[in-house]
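The values are calculated or read from the model by the stated rules, or taken from the named source; none is laboratory data. Note that this is a predicted model, so its numbers are computed, not measured. Cβ placement follows ideal geometry from the backbone for every residue including glycine, while neighbour counts extend to all protein chains displayed. Heavy atoms of the whole protein, side chains included, go into the accessibility calculation; ligands, DNA and RNA do not. Shrake-Rupley method; radii C 1.70, N 1.55, O 1.52, S 1.80 Å.
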Amino acid sequence: MDTTASPVLALPSAPQPCDGALSEPVAPAPPATDRWKAWDDFVEATPDTGFMQTSWWVEFREYCEFENFGITLKDGNDIVGGAVVLKYSYSEDHCFYYIQDGPVLPGDPLVAEEVFRAILEAIEERRKTEQEAVSHLRIEPRWLRLPAFVSGFRAIPPLTDRYLETRDTRCIDLRPPEDAILAQMKPKGRYNIGVARRHGVSIIEDTSAQGLADFQNLYEETATRQGMEAKPPDYFQTLVASLSSAHKGSLFFAEYQGLRIATALVVYFGPRATYFFGGSRDIHRHVMAPYLLHFEVMRKARALGHECYDLWGIAPANEPDHPWRNFSVFKAKFGGVEVHLVPTLDYVYDAAGYDGYVAGQRYSGDTGIRDPSSPEPTLSPEGCE
């Protein structure tokens with residue numbers, strides 16, 4: 001993607017083919033909107049990626065002051081891999097590159113290696129043209145294990161800084177019948193869903209201006225209760241607008257006696273429905289509204305054809321004192337399986353610049369950031385060296 005704006009998406013134009021062993025020239029180039037659709041369709045059909053590689057997410061990230069460029073690898077007219085790369089300037093003369101939910105690679109390991117190396121080469125060529133110094137490349141692929149061809153990256157632990165996403169989650173299989181989905185839950189989870197029903201809790205969707213305001217109030221109340229820094233209202237206004245225009249998500253609420261007491265912002269992508277943000281009031285807790293809320297979200301996602309419900313974020317394995325332990329216990333009551341992706345990975349180009357970036361994050365004052373105890377080791381396919 002270059003820096004010219006697309007009149008439809010209001011963001012830089014779609015991913016462009018890069019030169020490489022798998023790329024072949026095609027002419028004339030299709031319109032930007034067609035290229036975006038081809039890319040989005042490819043990403044949604046690729047198992048080991050996520051919605052943060054889509055056009056609507058890139059549009060949203062522009063609000064967060066990220067620039068972007070794209071790399072598409074083709075075999076003839078077929079896309080075989082690539083990445084949307086975000087760029088964030090964290091000082092006057094330094095920036096870093098960030099690939100969320102990617103890069104997007106094919107399933108064949110030999111072809112995946114070729115695509116991965118071509119992507120890194122294209123990023124390196126781009127880096128040479130930057131006026132700012134690029135301190136590092138950060139990637140967050142949805143891999144369960146590190147491919148043998150990936151080396152030289154540093155593993156970054158959860159909550160180290162504000163520019164990373166959760167790598168540990170819990171997923172519920174939505175393919176079985178509803179009775180089977182209930183049956184695989186922990187007994188307390190099933191029981192609490194019944195409690196909410198007996199108390200007359202109802203679940204509705206609402207992405208109107210009032211829905212956004214109610215979501216923000218519930219979210220901020222929860223963030224304050226948990227000692228977390230809340231995102232501002234315009235963050236969610238922009239996010240929900242992007243979701244709604246792409247028909248990729250919704251806001252759900254649990255109501256009790258006319259009062260909205262729990263909420264969930266849900267993203268739809270390929271086989272997954274993802275619980276991305278949420279909140280609840282610290283009143284009427286006896287009616288167990290959040291349990292029915294999530295079960296009804298699962299029912300809706302299943303009816304839409306999604307195969308799993310991603311609860312988006314739990315404490316890493318074997319960390320009983322992790323700050324997320326309480327809501328991890330809550331999510332575990334819905335059953336499913338824990339999914340532990342490879343950690344966030346950094347490839348350092350400029351050691352001094354990277355040290356400055358880490359120091360800036362360490363002293364940012366954000367309560368969601370944990371001070372890393374020591375420089376992170378380099379990650380190899382076998383683990384940390």
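Observations on the structure shown:
- Taking the average, over residues, of other Cβ atoms within 10 Å as the packing measure, peptides 251-264, 172-185 rank 251-264, 172-185 from highest down.
- Between the stretch 261-307 and the stretch 83-127, the alpha-carbon center distance in angstrom: 33 Å
- Förster radius 25 Å - calculated FRET efficiency between ASN77 and ASP108 (Cβ-Cβ, nearest 0.05): 0.85
- Debye equation applied to the C-alpha atoms of the stretch 85-158, log10 I(q)/I(0) at 0.14, 0.21, 0.27 Å⁻¹: -0.49, -1.02, -1.42
- Using alpha-carbon coordinates, inclination of helix 32-44 to the longest axis of the chain, degrees: 60 degrees
- Counted residue by residue at 0.36 nm each, then reduced by the alpha carbon distance between them, the extension gain from GLU121 to ASP179 reaches 15.9 nm.
- Mean separation of Cα contacts under 8 Å, 6 or more apart, over the residue count of the chain: relative contact order %: 21 percent
- Debye intensity ratio I(q)/I(0), log10, the chain, q values 0.06, 0.12, 0.15 Å⁻¹ (C-alpha model): -0.24, -0.99, -1.49
- Interatomic Cα distance distribution for the stretch 34-77, bins of 5 angstrom, percent: 5, 19, 29, 25, 15, 6, 1, 0
- Distance histogram in 10 Å bins (all Cα pairs of the stretch 132-241, percent per bin): 9, 21, 31, 29, 8, 2
- Most mobile listed residue (ALA351, ALA223, ALA289) in the chain, GNM with C-alpha springs under 10 Å: ALA351
- When each of the peptides 125-131, 281-287 is scored by the mean number of other C-beta atoms lying within 10 Å of its residues, the order from highest to lowest reads 281-287, 125-131.
- With semi-axes defined as the square roots of five times the eigenvalues of the C-alpha gyration tensor, the equivalent ellipsoid of the stretch 290-337 measures 24, 11, 7 Å, largest first.
- A convex hull fitted around the alpha carbon atoms of the stretch 203-309 yields 96 Å³ per residue.
- Annotation: the antiparallel percentage among DSSP beta bridges lying fully within the stretch 70-160 is about 65.
- For the stretch 281-319, the residues whose amide N sits under 18 Å from a probe point set 7 Å from the Cα of CYS64 along the beta carbon direction are 311-314.
- Measuring with a 1.4 angstrom probe and ignoring ligands and nucleic acids, TRP312 comes out at about 40 Å² accessible.
- Summed residue charge, Cβ within 11 Å of PRO176's Cβ, Lys/Arg positive, Asp/Glu negative: -2
- Cα-based convex hull volume of the stretch 48-111 per residue, rounded to whole Å³: 98 Å³
- Among ARG35, ARG225, ARG142, the largest mean-square fluctuation in a Gaussian network model of the chain (Cα springs under 10 Å) belongs to ARG225.
- Antiparallel bridges, percent of DSSP beta bridges restricted to the chain (to nearest 5): 85 percent
- Over the stretch 247-286, relative contact order from alpha-carbon pairs under 8 Å, at least 6 apart, %: 32 percent
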